[in-house]
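Let me begin by presenting the structure, written as structure tokens, before commenting on it.
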DNA sequence: TTGAAAGCGCTAACAC
DNA sequence: GTGTTAGCGCTTTCAA
């Protein structure tokens, strides 16, 4: 039905010129209140929505952002929480009248072919801004290509690829609660990430003069059986951790279960933090706290910044493109408490 | 650098008119081989990529598909494997020169507001086709809105919302392997899905004359402790299931662990199938088979069909929009075997 | 087989 | 403040 309504129709209905309609939808101050009112009324009456394609052609702004990521090797699980990015990103973009497009660079693709693919997309879609997702954020050739076209760029660094260290932060937080006997159980999908977190954890304990990292560390992801045994062997003795950091959500649940069987109350006798979230952690008894890098928020922030740059007519494409600091988020849940007085 | 190359530049370089260039990129047969060759050479030489916006305006085809989904209520995990859809969808679309856009309808949004939001997006982006993702696939008002604009539509039905019943299929498969004592442990995020699977499972067992569904069924998702107990209580006795279906991946791992402690060999003494995949299932010993509805494939198929309809100049928007049958995929892994002779 | 003309719907300059 | 004039880069007629 509504197909075919143009700015012309709106202009006629409001008895103004197309330009005035254009000024209204572009928030130009140079429109009289009366005209503006008539135009807005006509717009809603007709249900008109300006065509992105037309605006793109005429205005030189596509109101479109492009997020580029590296596709997973076949069978490999994707390292990126794409759904979170999509959710957070589209929400921000849509709110500002922008669209967000995702572009997948084939996993095993050569540098040259990848550049070509991106170049093609840039040419076709003419995005107003591009976000390079890890591990592409470090590809300077892609960055150069983008900025060479005069397009704004942001690079997203997230957990594991990032300066922020969840292992360190978790240990720090627990130490702040008075804990000294803090354990760590690896379980990240990527061993490199585990090493990174582990190093951070060790740093904190060393700084606090604790030697728990000598006794209470599992460097490799345990399966269910191993995790059960491990937790039992740590928690049954009198000298035991008062807090445990687990990289995987599953292991956190195992620890919780073992604690329960040993009559250890969480969080009174044992604090628990996972470095990975999962719905199950929120519904366990008690729910288990999580410290992780929320990918959605920084991504949304990157989108916002790109849009702001365009809106501000700021023609500073190759300006700042600092990688976002990977901020960590602590989901406080009932599994955290101050350390018991003496241990 | 390359910014500003237009069809005009290519035409000049190839010593033809713009039309000829246009014909070449649109695969018109009415171009001489020589002209075509010159044009193609010029295109690659200049690195020209036709502007989507311009093509959209002039041609009436945006080469853009829109996937609409319902956003998750805050805190709620998304019911849709968005990343899989994104991966599979963009791959198919990009291969055909199309783009795929995702639109999120606010979760608690009213029907009217949802329609308005979709209408706005349809007007702005002018997609060539729209895919309604569950649970939006059943919203006839949205379907009508889309087709009213002359836009092709597909609706995707996936697991749980779909005719295909993973519980039934899993039971059927195990029965085909000779199993009669087949157990079922619920664990889907959505209880309605569990009910659905459970019903299917019961149907199969009843048809086979088995009464296992009287003894070996857990209707509510057990937590870790409950799952351990449950598995032990079922597997320790002489009369026990020879196969177990678990809805959650985590529970499958628990069962595997218990079986190991009881010296039951999987799959010799016990077959195992999960209705949810997870990387951990692939790396357990033995790896655990999965039967699930892969969302990516049917979604990609829907994209393909929408594109094909456009390419075929088939102006049959309100034509067939049959919901895709939710196909199930069995990932055969070493956890499946024929039932032991006697039990 | 090819080219010329005429837009698609909107915005950027300019006038008024 | 408002209208007018040109296009943006491509495809669609229609002629040749």
Of the residues that sit in region B:266-279 and are free of Cβ contacts under 8 Å to residues at least 60 places away in the same chain and either more than 10 Å from chain A (Cβ to nearest Cβ) or touching a strand residue (DSSP E or B) at 6+ places or on another chain (Cβ under 6 Å) (or both), which one is nearest to residue B:221 (Cα to Cα)? B:274
Among (1) surrounded by fewer than 16 Cβ atoms within 10 Å (Cβ to Cβ); (2) modelled with pLDDT of 95 or more, where does residue B:75 come up short? (2)
Can you tell me which condition residue B:63 does not meet? The list is (1) free of Cβ contacts under 8 Å to residues at least 40 places away in the same chain; (2) away from DNA strand C (no atom under 12 Å from the Cβ); (3) crowded, with 18+ Cβ neighbours inside 10 Å; (4) within 9 Å of another protein chain (Cβ to nearest Cβ), and all the others hold. (1)
Within region B:207-218, does at least one residue satisfy the condition of being within 14 Å of chain A (Cβ to nearest Cβ) and surrounded by fewer than 23 Cβ atoms within 10 Å (Cβ to Cβ)? no
So for region B:254-265 (the condition being touching a helix residue (DSSP H, G or I) at 6+ places or on another chain (Cβ under 7 Å), outside any loop (DSSP other than H, G, I, E, B), within 20 Å of residue B:167 (Cβ to Cβ) and within 11 Å of another protein chain (Cβ to nearest Cβ)), does at least one residue qualify? yes
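Would you pick out the residues in region B:1-28 that are away from every other protein chain (no Cβ under 14 Å), under 25 Å from residue B:312 (Cα atoms) and more than 9 Å from DNA strand C (Cβ to nearest atom)? Reasoning before the result, please.
Keep residues of region B:1-28 that are away from every other protein chain (no Cβ under 14 Å), which gives B:8, B:11-24, B:26-28.
Subsequent filtering for residues that are under 25 Å from residue B:312 (Cα atoms) retains B:18-24, B:26-28.
Matches in region B:1-28: B:26, B:27.
Determine which member of the set B:226, B:308 is farther than 30 Å from residue B:28 by Cα, free of Cβ contacts under 8 Å to residues at least 24 places away in the same chain and either in a helix (DSSP H, G or I) or in contact with a strand residue (DSSP E or B) (Cβ under 8 Å, 6 or more places away or on another chain) (or both).
Working: B:308 fails: farther than 30 Å from residue B:28 by Cα.
After ruling out the rest, the residue left standing is B:226.
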Pairs with Cβ under 9 Å, 6+ apart, first in region B:35-58 and touching a residue at least 60 places away in the same chain (Cβ under 8 Å), second assigned to a helix (DSSP H, G or I) and within 12 Å of DNA strand D (Cβ to nearest atom): B:56/A:53; B:56/A:54; B:56/A:56; B:56/A:57
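Can you tell which of B:119, B:125 is modelled with pLDDT of 95 or more, out of contact with any strand residue (DSSP E or B) (no Cβ under 9 Å at 6 or more places or on another chain) and within 8 Å of chain A (Cβ to nearest Cβ)?
One residue alone meets the criteria, B:119.
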Is it the case that region A:29-50 has a residue that's within 16 Å of DNA strand D (Cβ to nearest atom), crowded, with 16+ Cβ neighbours inside 10 Å, at the interface with chain B (Cβ under 10 Å from one of its Cβ atoms) and on the phi > 0 side of the Ramachandran plot? no
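Name the residue, out of B:4, B:75, that is under 23 Å from residue A:64 (Cβ atoms) and either in the same structural domain as residue B:137 (by TED's automatic domain parsing) or in a loop (DSSP other than H, G, I, E, B) (or both). Working first, answer last.
Working: B:75 fails: under 23 Å from residue A:64 (Cβ atoms).
When all the criteria are applied, what remains is B:4.
The values are calculated or read from the model by the stated rules, or taken from the named source; none is laboratory data. Since the model is a prediction, treat every value here as computed from it, not as a measurement. Cβ: placed from backbone, ideal geometry, glycine included. Neighbour counts: every protein chain shown.
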